[in-house]
1. For residue 166, are the conditions met, namely being among the small types (Gly, Ala, Ser), on the phi < 0 side of the Ramachandran plot and open to solvent by less than 90 Å² (accessible area, probe 1.4 Å)?
2. What are the residues in the stretch 135-155 that are in contact with a Leu (Cβ under 8 Å, 6 or more places away or on another chain), under 15 Å from residue 194 (Cβ atoms) and open to solvent by less than 40 Å² (accessible area, probe 1.4 Å), if any?
3. Could you grab the pairs with beta carbons closer than 6 Å, sequence gap of 6+ or different chains, first residue in the stretch 287-301 and more than 19 Å from residue 213 (Cα to Cα), second one part of a helix (DSSP H, G or I) and open to solvent by 10 Å² or more (accessible area, probe 1.4 Å)?
4. Looking at (1) modelled with pLDDT under 95; (2) assigned to a helix (DSSP H, G or I); (3) under 23 Å from residue 320 (Cα atoms), which is the one condition that is false for residue 213?
5. Which residues, counting only those in the stretch 55-77, are more than 11 Å from residue 7 (Cα to Cα), without any contact (Cβ under 8 Å) to a residue 60 or more places away in the chain and surrounded by 14 or more Cβ atoms within 10 Å (Cβ to Cβ)?
6. Give the residues of the stretch 236-264 that are in a loop (DSSP other than H, G, I, E, B), open to solvent by 90 Å² or more (accessible area, probe 1.4 Å) and at pLDDT below 80, sorted by residue number.
7. Assuming residue 27 fulfils every condition listed in (1) open to solvent by less than 60 Å² (accessible area, probe 1.4 Å); (2) of a type in the set (A, V, I, L, M, F, W, C); (3) assigned to a loop (DSSP other than H, G, I, E, B) apart from one, which condition is it?
8. Among the residues of the stretch 271-292, count how many are within 23 Å of the chain's Cα centre (by Cα) and part of a helix (DSSP H, G or I).
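The values are calculated or read from the model by the stated rules, or taken from the named source; none is laboratory data. If you're wondering where the values come from, they're calculated on a predicted model, not measured in any experiment. So basically every Cβ, Gly included, is an ideal-geometry build from the backbone, and we count neighbours across all protein chains shown. Areas reflect the complete protein model, heavy atoms only, side chains present, ligands, DNA and RNA absent. Shrake-Rupley method; radii C 1.70, N 1.55, O 1.52, S 1.80 Å.
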Amino acid sequence: MIIKYSLGLDVSSKDIKACLVSLDIELRIRTVSSKTISNSKKGFIELQTWIKKWYSEVNVSISVCMEATGVYHENCAYFLHGKGYDVSIVLPNKAKKYLQSLGLKSKNDSIDAQGLARMGAEQKLDIWEPMGTFFLELRVLTRQYQSIQETKIANQARLHSSESSATQVAFEIKQIKSLINFLDKQIAQIELQIAQLIRSNEVIKAKFDKILKLFGISLISGATVIAETGGFNLFKNYKQLVSYAGYDVVENQSGNHVGRTKISKKGNSRLRRILHMPSLVAIRQKDSVFGQLYLRIYDRSGIKMKGIVAVQKKLLIMIYYIWTKDIEYNPSVKNIQEEKQVPSSQFKKNEQKKPYKSMASQGRRPVSYHSKPPLSSVNVD
């Protein structure tokens with residue numbers, strides 16, 4: 001007796017490998033059918049017809065599991081979601097580890113599709129919900145801004161190199177300067193377009209006005225965070241957000257062995273990239289929550305980057321709570337109580353220097369990457 005069907009989809013830019021498996025009452029998984037379709041609207045219709053052909057027991061649930069492959073999976077995911085299927089999208093790293101756990105030595109698209117189907121059959125995966133049109137448009141604009149900004153920085157480096165060269169070519173320098181001026185105009189146009197999009201929705205604009213009160217958060221950095229997270233609609237708590245951004249801690253300890261503890265970086269790198277500069281601005285406010293957090297961690301670890309990363313994570317969590325709870329940020333509130341503490345193995349022992357005794361309520365250890373959300377740092381009416 002079949003108790004569940006699972007459809008695994010391995011998506012590429014041109015085609016999709018599909019594999020349908022069934023799970024019976026004895027927890028045995030059997031491959032029902034496999035198929036290759038084009039990654040297009042015509043292919044999606046063909047996929048739907050194929051599913052109906054082999055998905056015979058309509059009283060049995062069916063789930064769809066696919067990897068997040070840039071933007072190539074999105075059209076298929078939206079199509080199947082619109083047809084009423086439960087779609088789950090997993091990170092490539094999670095799918096890779098699962099396939100490795102099966103002991104598979106070979107790897108190709110068909111094997112990946114079958115592995116994703118088995119994963120959907122064996123596990124209860126989170127159901128994917130699509131972004132709204134507003135957040136999709138905002139994400140396109142912020143990613144375009146980032147792309148042009150990176151191109152500008154690369155050409156500025158080229159210009160510096162050309163002007164410092166022993167053999168300078170005036171024509172080349174002139175072209176690079178012209179390109180940089182053109183990119184500056186495009187950046188200004190995108191900034192204006194992002195601002196207009198935000199102003200077009202009064203509710204969204206009101207929330208943006210609140211998060212822009214955070215130290216270091218600009219219109220572009222705030223818009224990027226909101227766009228990449230879809231307005232936090234898919235996150236049930238801040239821990240999921242921290243993991244999605246790659247700020248979750250990975251420990252390396254076993255018995256007497258104490259290895260290096262670091263953040264996973266397995267997540268959305270655009271969030272970590274856009275929060276870097278705001279964190280540098282935030283730590284300049286020495287009396288702020290962010291400045292004190294940075295100094296406390298730097299004093300104990302002796303590593304600046306650990307303090308900067310902690311401030312990035314704190315900014316992300318603050319944005320999350322201000323946005324989702326629709327509350328005001330109050331920079332005058334400095335008493336932050338942390339729920340957990342970072343394991344001592346993460347930091348150098350420095351017991352002689354304890355200049356922050358007035359913060360005893362925060363514990364002896366620096367801020368944990370899994371610490372309690374800073375609710376006390378915002379003014380809740």
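1. no
2. Scanning the stretch 135-155 gives 138, 141, 148.
3. These pairs meet every condition: 297/306; 298/304.
4. (2)
5. Of everything in the stretch 55-77, those that are more than 11 Å from residue 7 (Cα to Cα), without any contact (Cβ under 8 Å) to a residue 60 or more places away in the chain and surrounded by 14 or more Cβ atoms within 10 Å (Cβ to Cβ) turn out to be 60, 67, 68, 69, 74, 75, 77.
6. Taking the stretch 236-264 first, the residues in a loop (DSSP other than H, G, I, E, B) are 236-237, 246-248, 251-252, 255-256, 259-261, 264.
Of the ones still in play, those that are also open to solvent by 90 Å² or more (accessible area, probe 1.4 Å) are 236, 251, 256, 260.
Passing the criteria: 251, 256, 260.
7. All conditions pass for residue 27, except number (1).
8. Residues flagged as within 23 Å of the chain's Cα centre (by Cα) and part of a helix (DSSP H, G or I) within the stretch 271-292 amount to 12.
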